[in-house]
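Colleague: Can you keep this structure in mind? I'll have questions shortly.
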Amino acid sequence: MKKSLLLLAMGCLVTVGFSQTNGNDKEEQGKEVKLEGVTITPMYNFTYHSKVSNESTPEYVQNLQKEVANYDVTEDPNFNGDFDDFRVIFSQTNGRIIATYDNNGKVISTFEKFKDVTPPAPVRDKLHQLYPGWLIHKDIYRVTYFEDKGATKFYQLQIRSDNDRKNIKVDEEGNIL
């Protein structure tokens, strides 16, 4: 009888021991998993991006603005931190942004110019109302951003009707400036 109890006790211990090492137990499932090769980077300049971009901003303009917002100037090989500000030029086919960063990597100002940007509906509607029959011939979208003043956005448009042409400056809501 002693041998039977001893064998039963050992069998229970072995069974319990194996059940705790199978990887399915709740304690092991809650353990932290560390991944290699995953990089999470915050958008350092969220304030800048939220001021210059909105739902009517064309995707290719937003993409370059995101580049400016996510750029870590402190990682630039030319950055040494000795200067108060650091200027970086971002270019693409239809536009460019000249961004100035402080020595902590925060965007303090930008000058942005984009060509061939279709103005939003309020701008087009206002132009058709004020100048029926006129067509937009050339367009430039400009944005200036200053950390302490916010963003100014407007369109420089050249409209034409037959041999007549006019240059007009319009804000995002169609107000003539």
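The values are calculated or read from the model by the stated rules, or taken from the named source; none is laboratory data. These numbers come from a predicted model, not from an experiment. As a convention, Cβ positions derive from the backbone with ideal geometry for all residues, glycine included, and neighbour counts pool all protein chains shown.
Colleague: Can you run down the residue pairs with Cβ atoms below 8 Å, 6 or more apart or on separate chains, where the first is in the stretch 68-85 and free of Cβ contacts under 8 Å to residues at least 24 places away in the same chain and the partner is charged (D, E, K, R)?
Modeller: Final answer for the pair search is D84/D102; D85/D102.
Colleague: For T47, all conditions in the list (1) assigned to a loop (DSSP other than H, G, I, E, B); (2) at pLDDT 85 or above; (3) farther than 25 Å from K169 by Cβ; (4) hydroxyl-bearing (S, T, Y) hold save one; what is the number of the exception?
Modeller: (1)
Colleague: Moving on to the next point. Taking the stretch 151-166 on its own, how many of its residues are part of a strand (DSSP E or B) and either of a type outside the set (D, E, K, R) or closer than 30 Å to F46 by Cβ (or both)? If you could, list the steps in order and put the result at the bottom.
Modeller: To start, the set of residues in the stretch 151-166 that are part of a strand (DSSP E or B) comprises 151-161, 164-166.
After this cut, where a residue has to be either of a type outside the set (D, E, K, R) or closer than 30 Å to F46 by Cβ (or both) as well, the list is 151-159, 161.
Number of matching residues: 10.
Colleague: Looking at the stretch 114-139, I want the residues that are in contact (Cβ under 8 Å) with a residue 40 or more places away in the chain and have a partner that is in a helix (DSSP H, G or I) and of a type in the set (A, V, I, L, M) with Cβ atoms under 7 Å, at least 6 apart or on another chain. Which pairs are those?
Modeller: As it stands, the answer is F114/V61; V117/V61, since those pairs meet every condition given.
Colleague: Could I ask something else about it? For the stretch 102-131, enumerate the residues that are small (G, A, S) and over 21 Å from S50 (Cβ atoms).
Modeller: Correct list: A121 only.
Colleague: So, in the stretch 145-169, how many residues would count as being of a type outside the set (A, V, I, L, M) and touching a helix residue (DSSP H, G or I) at 6+ places or on another chain (Cβ under 9 Å)?
Modeller: Taking the stretch 145-169 as the starting set, the residues that turn out to be of a type outside the set (A, V, I, L, M) are 145-150, 152-156, 158, 160-167, 169.
Filter again for touching a helix residue (DSSP H, G or I) at 6+ places or on another chain (Cβ under 9 Å), leaving 145, 147, 150, 153, 155.
Number of matching residues: 5.
Colleague: Restricting attention to the stretch 167-176, which residues are surrounded by 14 or more Cβ atoms within 10 Å (Cβ to Cβ) and either part of a strand (DSSP E or B) or in contact (Cβ under 8 Å) with a residue 60 or more places away in the chain (or both)?
Modeller: Answer for the stretch 167-176, where residues must be surrounded by 14 or more Cβ atoms within 10 Å (Cβ to Cβ) and either part of a strand (DSSP E or B) or in contact (Cβ under 8 Å) with a residue 60 or more places away in the chain (or both): I168, V170, D171, E172.
Colleague: Let me ask something else about it. Here is a list of conditions, (1) at pLDDT 80 or above; (2) under 13 Å from the mean Cα position of the chain (by Cα), and V73 meets all of them except one; can you say which number that is?
Modeller: (2)
Colleague: For the stretch 102-155, name all the residues that are among the acidic types (D, E), surrounded by 13 or more Cβ atoms within 10 Å (Cβ to Cβ) and over 19 Å from N167 (Cα atoms).
Modeller: D102, E112, E147
Colleague: Still on this model: Out of all the residues in the stretch 86-112, which are acidic (D, E) and touching a residue at least 24 places away in the same chain (Cβ under 8 Å)?
Modeller: Within the stretch 86-112, the first condition is being acidic (D, E), and the residues that meet it are 102, 112.
Once the filter is applied, which keeps residues that are acidic (D, E) and touching a residue at least 24 places away in the same chain (Cβ under 8 Å), the stretch 86-112 yields only E112.
Colleague: Report yes if some residue within the stretch 79-88 is more than 29 Å from L177 (Cβ to Cβ), touching a helix residue (DSSP H, G or I) at 6+ places or on another chain (Cβ under 7 Å) and modelled with pLDDT under 85; otherwise report no.
Modeller: Yes, the stretch 79-88 contains a residue that is more than 29 Å from L177 (Cβ to Cβ), touching a helix residue (DSSP H, G or I) at 6+ places or on another chain (Cβ under 7 Å) and modelled with pLDDT under 85.
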